[in-house]
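Engineer: Got a structure for you, written out below as structure tokens; questions coming shortly.
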Amino acid sequence: MPRQRRRYSRDVHVFPEDFPQRLERLKEESGLTWSELAARLGTNPLTVRRWRQGIRPNALHLFALLDVAASLGLAHLLPAAGARARAD
């Protein structure tokens with residue numbers, strides 16, 4: 001009997017294209033300035049500006065951002081940390 005072939009698929013992490021708009025909305029609804037948000041994240045305001053221009057945050061910054069949003073009760077504005085799509 002021949003061996004059965006397995007078909008593997010990989011998970012692709014999805015990053016929303018509208019992340020800068022989500023970040024802007026988080027800032028507006030939290031009432032924080034960009035500098036205050038950067039200070040809570042433990043990063044430079046220039047880094048936050050880059051995110052607003054379309055650069056994606058790394059994993060550590062994204063988790064810190066999710067923690068800050070959750071502490072403010074605004075976690076629904078950001079992408080879920082485990083958002084995935086199946087790539088077949």
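Engineer: Mind checking which residues of segment 32-64 are of a type in the set (Gly, Ala, Ser) and either open to solvent by 60 Å² or more (accessible area, probe 1.4 Å) or in a helix (DSSP H, G or I) (or both)? Spell out how you get there, then give the answer.
Structural biologist: Filtering segment 32-64 for residues of a type in the set (Gly, Ala, Ser) gives 35, 38-39, 42, 54, 59, 64.
Hits for segment 32-64 are 35, 38, 39, 42, 59, 64.
Engineer: Take the residues in segment 15-31 that are of a type outside the set (D, E, K, R) and more than 14 Å from the chain's Cα centre (by Cα), then tell me which one is surrounded by the most Cβ atoms within 10 Å (Cβ to Cβ).
Structural biologist: In the first step, residues of segment 15-31 are kept if they are of a type outside the set (D, E, K, R); the result is 15-16, 19-21, 23, 26, 30-31.
Still in the running and more than 14 Å from the chain's Cα centre (by Cα): 30-31.
Working: 30: 18, 31: 8.
Here the answer is 30.
Engineer: Further, regarding this structure: Under the condition of being open to solvent by 30 Å² or more (accessible area, probe 1.4 Å) and in contact with a helix residue (DSSP H, G or I) (Cβ under 6 Å, 6 or more places away or on another chain), which residue from segment 65-80 is nearest to residue 21 (Cα to Cα)?
Structural biologist: Only one residue tops the list, namely 75.
The values are calculated or read from the model by the stated rules, or taken from the named source; none is laboratory data. Note that the structure is a prediction, hence the values are computed from the model and not measured. Backbone-built Cβ (ideal geometry, glycine too); neighbour counts: all protein chains shown. Just so you know, the surface numbers come from the protein's heavy atoms only, side chains and all, with ligands and any DNA or RNA stripped out. Shrake-Rupley method; radii C 1.70, N 1.55, O 1.52, S 1.80 Å.
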